[in-house]
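The block underneath contains the structure these notes are about, expressed in structure tokens.
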């Protein structure tokens, strides 16, 4: 009988000399080999008939039966061209653009899915398809904005990078995202690339983000490979992760999440390696600490996730007898990561505790305000989506939860209780996301942030479950059809639940205060003009679109919740108190907000106007004229579309 550790971890065995490469294809049930030479479940004499079949890592006809699948990266390239053409069509308002977009996206997932699911594809073929898929996704994001960064979060990190370059110091001031400078990993990498290559900011940012995105795919492959030696399972589970809603755009952006995620996965890979084999742990503990240290100086939230996962693995190792020998090394890795994080937060980033307090309170509200959702309460909420997109977004989560739950029940029947608990646990985690998304006031926002982390855990555990499925099951037509359909739902649901939302999916249409759709030549011109002519840190109020640019490129200090001051039809003494208490100097008026309703539900960040003012339509133009008639108000910028008022000598400041 195999040892408890072997049963628990199912460690991959060495391939015997002369055997075909792993995952060279699948064998028919009648050609199954017996004995330990196969190096996987066939080597486990535990009496289970399912485990005496030939592993699908071996091919009866030898290495010649393995196919490289060179067509998969090529098809991914064609898919990229289709989506890029759709974006170009969107900018010219072409009617065919949306059809071309979906055709390209479906071709992309079909190419990668076929390479992962078809039998007798070599490990190199499957891996090449996954990297082709990742590269295409990253370049699709680049094609959306090929000249400069324009997403709100990207502009905030651009401001930190500009601050580093302008000041020549590590922790510059960033009024738009004050926490960013004390987690400078992304910006340090970018500045290093700029200094060593001579590249300007935008191409250097693309290098950093592209390398981070490709490294993430490699890290997930490495992590899942620790779970199973079967390359078909490794590839499939990795693709499941790459279909999560955050991967296509969010974790490809110029954000501190982008380089932090692959470092998180690499740290977890060291932990799982120690769990499998506790011998000679020093090197892996050291490497794990280096990766965890890279996470903690790059992104606060990923740092928290890293600490939670490492601590969970260490505690589990201490409690589960078959892997208790790994507990000391895992405890050292977790304790060292906690010590590094505490030191960084205490010495460099003490504001992190308060900054993360907001999301924690929001999470608490999620569980105390079930059923309190109001239509339009959250920008981009599910209620504002087309019904079919909402269905796909929820179906993608249910597919993962259902797959994990079914594998969990199957494992329970096989008396692999530890695996059943893991699988049913992650199924419950996915189901909880559905509940949060549907019934919580901030559910869409909170659920939208979780897939980058939750899907990683789900995919890793699914790898353990799929590894134990009999090879005959994973060769059948029903399995292939079901897996292909599941991948399709996951991918389409990832797009509909991810970024951009449906009304921003194609670039080219201007939307006042509409995230990146509000960043155009007018706002960019104002941003750079402000950086050169207005004092850094000057306090201002504006609509969302201009606030994003002025608070980043412009270097000004935004004041949230300006809606009451904007919506009042004339000068008000309450506004005067607000201006003086918050030291507001500038008011930015973009007259385009009077032309159409706010696509994101509101023109402004923060609290809505008082008195039940209707904010569903275009902004009332009469409310903007008060800034022209208020005594002492000066105009410092006016391009015919956007006007900037200086309140320093006006009645607001008296």
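The values are calculated or read from the model by the stated rules, or taken from the named source; none is laboratory data. What you are looking at is a predicted structure, and each value in this text was computed from that prediction instead of being measured. Cβ coordinates were reconstructed from backbone atoms using ideal geometry, including for glycine residues, and neighbour counts include every protein chain displayed.
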| task | May I ask you to say which residue of 204, 211, 218, 260 is surrounded by fewer than 24 Cβ atoms within 10 Å (Cβ to Cβ), touching a residue at least 24 places away in the same chain (Cβ under 8 Å), in a helix (DSSP H, G or I) and out of contact with any strand residue (DSSP E or B) (no Cβ under 9 Å at 6 or more places or on another chain)? | result | 218
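I want to confirm something. Restricting to region 276-294 and keeping residues that are on the phi < 0 side of the Ramachandran plot and without any contact (Cβ under 8 Å) to a residue 40 or more places away in the chain, which single residue is surrounded by the most Cβ atoms within 10 Å (Cβ to Cβ)?
Going through region 276-294, the residues on the phi < 0 side of the Ramachandran plot turn out to be 276-279, 281-294.
Next cut, without any contact (Cβ under 8 Å) to a residue 40 or more places away in the chain only: 279, 282-283, 286-287, 290-291.
Details: 279: 8, 282: 9, 283: 9, 286: 14, 287: 16, 290: 13, 291: 23.
If we take residues in region 276-294 being on the phi < 0 side of the Ramachandran plot and without any contact (Cβ under 8 Å) to a residue 40 or more places away in the chain, then 291 is surrounded by the most Cβ atoms within 10 Å (Cβ to Cβ).
Do any helices (runs of 4 or more DSSP H) lying entirely in region 551-654 carry at least 3 residues that are loosely packed, with under 14 Cβ neighbours inside 10 Å, and which ones are they?
Because the criterion is at least 3 residues that are loosely packed, with under 14 Cβ neighbours inside 10 Å, the helices (runs of 4 or more DSSP H) in region 551-654 that meet it are 573-581.
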| query | Can you name the residue in region 175-193 that is within 23 Å of the chain's Cα centre (by Cα) and not in a helix (DSSP H, G or I) and, of all such residues, is surrounded by the most Cβ atoms within 10 Å (Cβ to Cβ)? | reply | 183
| Do you know which residues across region 471-507 are farther than 30 Å from residue 90 by Cβ and surrounded by fewer than 17 Cβ atoms within 10 Å (Cβ to Cβ)? | 473, 476, 477, 478, 479, 480, 481, 482
| request: Say whether the condition of being over 18 Å from residue 313 (Cβ atoms) and either modelled with pLDDT of 95 or more or within 24 Å of the chain's Cα centre (by Cα) (or both) is met by at least one residue in region 262-279. | output: yes
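Under 17 Å from residue 644 (Cβ atoms) and either in the same structural domain as residue 558 (by TED's automatic domain parsing) or without any contact (Cβ under 8 Å) to a residue 24 or more places away in the chain (or both): which single residue out of 595, 624 fits that description?
Details: 595 fails: under 17 Å from residue 644 (Cβ atoms).
Residue meeting the stated conditions: 624.
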